[in-house]
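In what follows, a structure is listed as structure tokens, so that the remarks can point back to it.
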Amino acid sequence: MVSAMHTVTLIPGDGIGPEITAAAVRVIETSGVPIHWDRQLAGMAALEKFGTPLPEETLESFRRNKVALKAPLTTPVGGGYRSVNVTLRQEFDLFANVRPALSFEGTQARFDNVNLVTVRENTEGLYAGIEHFIKAEGKTIAAESIALVTRTGCERIVDYAFRYARQTGRKKVAIVHKANILKCTSGLFLEIGREVAKRYPDIECEDRIVDACAMQMVMDPGQFDVIVTTNLFGDILSDLASGLVGGLGLTAGANIGREAAMFEAVHGSAPDIAGKGIANPTALIMAGVMMLEHLGEQAAARRIEQAVRAVIKEGKHVTPDLKPGSTCTTQEMADAIVARLQS
Ligand code: NAD
């Protein structure tokens, strides 16, 4: 059956962004799924051309298409610019940040049995952007930041995590918090989390304190299935999970709202290797896999994932972050994945 044409907002991003975007687009197109790419700028590339890191045209395109594949953006330092990523998440109410960490055979990661998904609340908590300096006699003497946690926000993210677990055949959800110290914000999250869990008797629920959870993830990640947590804890734990499976070059994330969804690599624009052609394209390709699943293109998603896994397992065409000393380029790794898909 031939799929209908999908239109996707494509943001090639900054730093290594354009290099890995070219690779990901080529791989996704090889899968045969018909996609019209609506290319838009954001980040430094947009700031240079339009004088703003998030032009109205880009917002309009995403509003229209409701699906975006976004490469990493460099957040301009100073100038009063807010992070474009944070703005996009809040503007489109992309409340769930879903970050799978799956072991890849053939990597030199610490573990080979990691298969966990972090579901991070994406719009509230300490990232709500409510902060200010306190000045006295012209001098900054303190800084204050407010963590905003709402009943609605907690309920929808925990419910999303349990529904996700059920739909993907997962068995267990860990509610991660710091309610022993942050009695109000983390306390409310835990209380509502436990209430929501009762609606899902088929899914095991446990709660863990974030610091102990971090230690247990490093010692024995195989015990985790789905983790649901607030914004800051989720940000840190999902990067930790990326480290468990071999680094930031491998992991992707989805930002899901009621109406729109944006797919991205977990890593940033990697200015230290930008322009060298050696960035690992896997994370953005895996973001493309998550996007295809969202678009209902499960068969193509599986084929791409299998091709990526085969190339990494074989180890001949992988970038230096996966095999120190390798001279394989982003393009050569993408060529190998394309060849697998075509074979
Ligand atoms: P980073 O993720 O860009 O880089 C951290 C390290 O990982 C670097 O050594 C880099 O070379 C390496 N790395 C990252 N991706 C890689 C890949 N695909 N292949 C090989 N190596 C890779 O983090 P940073 O240096 O802290 O941030 C750089 C910029 O990216 C900052 O402006 C930051 O704000 C931005 N950022 C954007 C996003 C996003 O758009 N989603 C996420 C994180 C950081």
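Structure summary
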{"quantity": "Pick from segment 84-104, criterion of a type in the set (A, V, I, L, M, F, W, C), away from the ligand (no atom under 14 Å from the Cβ) and part of a loop (DSSP other than H, G, I, E, B), ranking: farthest from Ala283 (Cα to Cα)", "calculated": "Phe92"}
{"quantity": "Tally of residues being under 14 Å from the mean Cα position of the chain (by Cα) and β-branched (Val, Ile, Thr) across segment 229-274", "calculated": "4"}
{"quantity": "The listed residue being at positive phi and touching a residue at least 24 places away in the same chain (Cβ under 8 Å), out of Gly15, Gly51", "calculated": "Gly15"}
{"quantity": "Residue satisfying all of: in segment 219-252; charged (D, E, K, R) and touching a residue at least 60 places away in the same chain (Cβ under 8 Å); surrounded by the most Cβ atoms within 10 Å (Cβ to Cβ) among these", "calculated": "Asp235"}
{"quantity": "Selected residue [within 13 Å of Val27 (Cβ to Cβ) and aliphatic (A, V, I, L, M)] from Ala287, Ala279, Ala299", "calculated": "Ala287"}
{"quantity": "Hits in segment 131-149 (condition: exposed (fewer than 10 other Cβ atoms within 10 Å of the Cβ) and closer than 18 Å to Leu232 by Cα)", "calculated": "Ala143, Glu144"}
{"quantity": "Segment 60-86, residues that are within 15 Å of Phe263 (Cα to Cα) and not small (Gly, Ala, Ser)", "calculated": "Phe62, Arg63, Asn65, Lys66, Val67, Leu69, Lys70, Pro72, Leu73, Val84, Asn85, Val86"}
{"quantity": "In segment 119-145, the residues that are closer than 20 Å to Glu91 by Cβ and among the aliphatic types (A, V, I, L, M)", "calculated": "Leu126, Ala128, Ile130"}
{"quantity": "Residue that is nearest to the ligand (Cβ to nearest atom), among those in segment 297-316 that are touching a residue at least 40 places away in the same chain (Cβ under 8 Å) and outside any helix (DSSP H, G or I)", "calculated": "Gly315"}
{"quantity": "Selection from segment 149-189 of residues that are touching a Gly at 6+ places or on another chain (Cβ under 7 Å) and either modelled with pLDDT under 95 or assigned to a helix (DSSP H, G or I) (or both)", "calculated": "Cys154, Val158"}
{"quantity": "Residue satisfying all of: in segment 241-268; within 14 Å of the ligand (Cβ to nearest atom) and in a helix (DSSP H, G or I); nearest to Ala197 (Cα to Cα) among these", "calculated": "Ser242"}
{"quantity": "Subset tally (residues that are buried (at least 24 other Cβ atoms within 10 Å of the Cβ) and free of Cβ contacts under 8 Å to residues at least 12 places away in the same chain) for segment 18-39", "calculated": "0"}
{"quantity": "Near pairs, Cβ below 9 angstrom, 6+ apart or cross-chain, from segment 253-279 (touching a residue at least 60 places away in the same chain (Cβ under 8 Å) and of a type in the set (Lys, Arg)) to any residue that is more than 9 Å from the ligand (Cβ to nearest atom) and part of a loop (DSSP other than H, G, I, E, B)", "calculated": "Arg258/Asp93; Arg258/Phe95"}
{"quantity": "Extreme residue, nearest to the ligand (Cβ to nearest atom), among residues of segment 318-333 that are part of a loop (DSSP other than H, G, I, E, B) and surrounded by fewer than 18 Cβ atoms within 10 Å (Cβ to Cβ)", "calculated": "Pro320"}
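Per-residue answers, yes or no, for (1) part of a strand (DSSP E or B); (2) within 16 Å of Met291 (Cβ to Cβ):
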{"site": "Thr9", "(1), (2)": "yes, yes"}
{"site": "Gly13", "(1), (2)": "no, yes"}
{"site": "Ala22", "(1), (2)": "no, no"}
{"site": "Val25", "(1), (2)": "no, yes"}
{"site": "Glu48", "(1), (2)": "no, no"}
{"site": "Leu54", "(1), (2)": "no, no"}
{"site": "Leu59", "(1), (2)": "no, no"}
{"site": "Arg82", "(1), (2)": "no, no"}
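The values are calculated or read from the model by the stated rules, or taken from the named source; none is laboratory data. None of these values were measured; they are calculated from a predicted model. Counting neighbours? That spans all protein chains shown, and the Cβs are built from the backbone with ideal geometry, glycine included.
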